[in-house]
Each structure stands twice: as C-alpha cells, then as structure tokens.
Amino acid sequence: MGDHSTDDDGETSIPAVRVLDDAECWRLLEAASLGRLAVRRDAAIDVFPVNFLVHDKGIYFRSAPGSKLIDLTRFPDVAFEIDGQHARHLWSVVVHGRAARLGSDAEIEASHINTLAGWHPGEKFNYVRIEPETVSGRSFAKAN
C-alpha cells in the first residue's frame, strides 16, 4: 500500500487508491462474515445486511421468506459488498453477480450454508448463492 506523496508545493497528498487483485479480494471475502446485499426492487434499490460464507468462489447466505427473496427471484442481478480496516488502511470488495435460491438438499449440504447460524432471530430456511460475475476491490490509507 502506497505511502503519502508530496506535490510540487511540498504539501502531503492523500495516497492513491490501490486496486486489489482477485486473490486478495477472495481472501478478504473468505475472512469476512457480514456483508451488504444490494437488490433491485422495481425502480429502487434496497440494501440488506447479511451474514454469509464463501464456498468454491460462491457467496452463500440464508433468508427468511419475504420481500428480499421475492425481489431476488424477480431481479436476480445483485451487488454484494464488504469493507473493513487493517491498521490505517481502509478497503472494500464489491461483487456483481446473479443470485439464485438453492433448489436441492445436495447443493445445500455441499455449500455448508446449512451450518451458518443466522444473526437475526427467525427461521431462515431459504438458501441463496450469488454466482459472481465480477469481483473488484480497492484499498487506501486513511487520511490523518
């Protein structure tokens, strides 16, 4: 991650954004447990916090019946984001892909999503996989 640089006037500038490579994005996704799911709802976008796991470069989460699941069925293209901080560096990883409800016990068991405990009370027996189309990330040093 880059250091601060100085401009022609000797002023310290904010460091440039560093693009994270694919491997680093996946390492951060695999280490995280809470993300934000952006789902289309007609002309609007809703964002939901979800706890999740990564398996075979797929992102899996559980959902209770409701508007989020209905919207995913109607509009399966989603964005998923995680972010965090390491020391004085901030980072973000964004995944764009398609969400689909898992349809068989074999898929559910193979993904291990059935072992993920929900953080929100309530029954969550719908299992969803996001099939990533693009994964991107960036990092930068936190200003003062």
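None of the figures in this text is laboratory data; all of them are computed from the coordinates on show. Given the structure is predicted, the values throughout are model-derived calculations rather than measurements. Every residue, glycine as well, gets a Cβ built from its backbone with ideal geometry; the counts of neighbours run over all protein chains shown.
A few points about this structure:
- Using the Karplus relation 6.51 cos²θ - 1.76 cosθ + 1.60 with θ = phi - 60°, the per-residue 3J(HN,Hα) values for the range 64-69 come to 7, x, x, 5, 4, 5 Hz, with x marking Gly and Pro.
- Most positive-pole-ward Cα, A87, F61, S139, against dipole of the chain from beta carbon charges: F61
- Local electrostatic count at F75 - Lys and Arg +1, Asp and Glu -1, tallied over other residues with Cβ under 13 Å: +1
- Calculated FRET efficiency for the pair S33/A106, C-beta based, R₀ 25 Å, to 0.05: 0.50
- Value of [θ]222 nm, deg cm²/dmol, for the chain, DSSP H segments ≥ 4, -39500 (n - 2.57) each, nearest 500: -4500 deg cm²/dmol
- ³J(HN,Hα), Karplus 6.51/-1.76/1.60, whole Hz, each residue of the range 71-88, x for Gly, Pro: 5, 5, 6, 6, 10, x, 6, 9, 10, 9, 9, 10, 8, x, 9, 10, 6, 9
- Entry for Rg/Rh (Cα atoms, Kirkwood Rh) (calculated from the structure that is shown) out of (i) 1.07; (ii) 1.00; (iii) 0.93: (i)
- Largest-first principal axis extents of the Cα set of the range 39-86 (Å): 36, 22, 18
- Taken along the Cα-to-beta-carbon direction at a fixed 7 Å, the label points for D42 and K142 span 4.1 nm.
- Helix 22-31 and the longest principal axis of the C-alpha atoms of the chain enclose an angle of approximately 60°.
- If only the Cβ of Lys and Arg carry +1 and only the Cβ of Asp and Glu carry -1, the dipole of the chain around its Cα centre is close to 620 debye.
- Evaluating 6.51 cos²θ - 1.76 cosθ + 1.60 at θ = phi - 60° for every residue in the range 128-143, the Karplus couplings come out as 10, 10, 9, 8, x, 9, 9, 9, 9, x, 8, 9, 7, 6, 6, 5 Hz, glycine and proline recorded as x.
- Point-to-point label distance, A23-H55, nm (Cα→Cβ direction, 7 Å offset): 2.6 nm
- Residues with amide H under 5 Å from that of F75, placed H, sequence gap 5 or more: none
- Exposed loop sites are taken as GluC sites (Glu not before Pro) in a DSSP loop (any state but H, G, I, E or B) with at most 14 other beta carbon atoms within 10 Å; the longest stretch of the chain without one runs 12-122.
- Net charge of Cβ neighbours under 13 Å - reference R40; Lys, Arg +1; Asp, Glu -1: 0
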